[in-house]
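Let me begin by presenting the structure, written as structure tokens, before commenting on it.
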Amino acid sequence: MKYGILIVSHVNEIALGVTKLIKEAAPDLSITYAGGTEDNDIGSSPEKIQAAIDENTGDKILAFYDLGSSKMNLEMLMEFTDRDIEKFDVAFVEGAYTAATLAQISSPIESIEESLAPLKIK
Amino acid sequence: MKLELEQAQNWLNEFFESIIENKDLLNELDTAIGDGDHGTNMERGVKAAQEALQNKPATDVAKLYMTTAMSLVNKVGGASGPLYGTAFMDMAKAVKSENIELADLIQIGTDGIKRRGESDVKMKTMIDVWQPVADGLSDDKLNSEVIEKALNDTKDIVATKGRASYLGEQSVGHLDPGAKSSELLFKALLNQI
């Protein structure tokens, strides 16, 4: 089983930046992102998130987001998809980086969850 | 009572127009306690719904609610997209095999918003309008005063959900913008029942 990582932000450049950062920690994983609205304004686009899910070649996708509507759109898509996606309510950058580091070496999901637990934000 | 297709179409058409008319007011309310774009976001969503329903008019209430849901979900861009979108999506699913009582329909929509937003009443959100409306319908006591009171009551609530919750106590004294757009939704509904 191979992990994939999904990054969702309200701002395209933030999504791009976080992706760039965590690629350093996980060069061999499929990392896809969705940032901003369709017009690249600030916001959240389910169509973009869906496209990022479709592009992701991981068997289990670890998903990270920044603010409220990114989270809600992600959850809504998770209700529809048959892909295996696990969403983490953790500090966005640090959480994604930690997960990427562990996913790169194919750590069991339990140990990824354990490492992310202290970063939980709510 | 049950809302038939023509009434439901009139309801939503009036709601869409009312959002467009009140765009600036919704933005203003959102500027006070949020990110200032509720009107602009909702306008984008309802215009997409108008266009989608013009291109392919709904042939039953389930399709009407589903097209509305998908337009709002895809085009709003803010938190109100998935919230209104989930409400209408759940309502569409609920009337898929046969139409249901209006009170039950609105309660299903309300429950959808609660689930999606992981929230409940008294958190200064749109739920503070949706839930009283659902209750009013089920007690057969819904009128414009009930809706206005629900909206105005959001003024005194300290926000504990959504962007306004970052302001904490400072959110008191402001109407919730999502509650205002929900008031527009249900004022339009009143004209059909």
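What residues qualify as long-range amide H neighbours of A:Ile5, i.e. H under 5 Å apart, gap of 5 or more or another chain, H built at 1.01 Å from N?
For A:Ile5, the qualifying residues are A:Ser30, A:Ile31, A:Thr32, A:Leu62.
Assuming a ≥ b ≥ c are the square roots of the Cα gyration tensor eigenvalues, decide whether the protein assembly as shown counts as rounded (a/c under 1.5), prolate (otherwise, with a/b larger than b/c) or oblate.
Verdict is prolate for the protein assembly as shown.
Quickly estimate the mean residue ellipticity at 222 nm for chain A, helices only: each DSSP H run with n ≥ 4 gives -39500 (n - 2.57), and the total goes over all residues, rounded to 500.
-14500 deg cm²/dmol
Divide by every residue of chain B the summed helix terms, -39500 (n - 2.57) for each DSSP H run of at least 4, and state the resulting mean residue ellipticity at 222 nm, rounded to the nearest 500 deg cm²/dmol.
One gets -21500 deg cm²/dmol as the mean residue ellipticity at 222 nm.
Rounded to whole Å and sorted largest first, what semi-axes of the equivalent ellipsoid does the C-alpha gyration tensor of segment B:50-193 yield via the square root of 5 times each eigenvalue?
Working from the Cα gyration tensor, I get semi-axes of 26, 18, 13 Å.
Give me Rg over Rh for chain A, both radii from the alpha carbons and Rh done the Kirkwood way, two decimal places.
Rg/Rh for chain A comes to 0.93.
Calculate the length of the line joining the C-alpha centroid of segment B:1-26 to that of segment B:116-176, in whole Å.
Centre-to-centre (Cα) distance: 20 Å.
Considering all projection directions equally, how large on average is the shadow of the alpha-carbon convex hull of segment B:1-95, in square nanometres?
5.9
Give the cross-link partners of B:Lys56 among the aspartates and glutamates, using a straight C-alpha distance below 16 Å as the criterion and excluding same-chain residues fewer than 8 apart.
Here the aspartates and glutamates satisfying the reach criterion relative to B:Lys56 are B:Glu6.
Ordering B:Lys149, A:Lys23, B:Lys114 from largest to smallest accessible area (1.4 angstrom probe), what's the sequence?
Order by accessible area, largest first: B:Lys149, A:Lys23, B:Lys114.
May I ask you to rank B:Arg44, B:Arg116 by accessible area, largest first, using a 1.4 Å probe over the protein chains only?
Largest to smallest exposure gives the sequence B:Arg44, B:Arg116.
Direction-averaged shadow area of the convex hull around the Cα atoms of segment B:39-95, nm²?
3.3
Express in nm, to one decimal, how much length is gained between B:Tyr166 and B:Glu101 on full extension, taking 0.36 nm for each residue of separation and deducting their alpha carbon distance.
19.6 nm
Where a Cα-Cα gap under 16 Å defines reach, which aspartates and glutamates qualify for A:Lys48, not counting those fewer than 8 residues away within the same chain?
A:Glu13, A:Glu38, A:Asp39, A:Asp66, A:Glu75
Which cross-chain or sequence-distant (5 or more) residues have an amide H under 5 Å from the amide H of A:Ile85, H modelled 1.01 Å from N in plane?
Placed amide hydrogens put A:Ile61 under 5 Å from A:Ile85.
Which residues' amide hydrogens lie under 5 Å from the amide hydrogen of B:Leu3, considering only partners 5 or more residues apart or on another chain, with H built in the peptide plane?
B:Leu102
Got a sec to turn the phi values of segment A:24-34 into Karplus ³J(HN,Hα) couplings, 6.51 cos²θ - 1.76 cosθ + 1.60 with θ = phi - 60°, whole Hz, x for Gly and Pro?
Once θ is set to phi - 60°, the couplings for segment A:24-34 become 5, 7, 9, x, 9, 9, 7, 10, 10, 9, 9 Hz.
About its Cα centre, how strong a charge dipole does the protein assembly as shown have in debye, to the nearest 20, once Lys and Arg get +1 and Asp and Glu get -1 at the Cβ?
For this selection, approximately 300 debye.
Count the DSSP beta bridges whose two residues both fall in the protein assembly as shown, then state the antiparallel fraction as a percent rounded to the nearest 5.
Counting only bridges with both partners in the protein assembly as shown, antiparallel ones make up about 10 percent.
The values are calculated or read from the model by the stated rules, or taken from the named source; none is laboratory data. It should be emphasised that the depicted structure is a prediction, and the values quoted were computed from it without experimental measurement. Positions of Cβ are generated from backbone atoms using ideal geometry, with glycine treated the same way; all protein chains shown enter the neighbour counts. Surface accessibility is based on the protein's heavy atoms, side chains included, excluding ligands, DNA and RNA. Shrake-Rupley method; radii C 1.70, N 1.55, O 1.52, S 1.80 Å.
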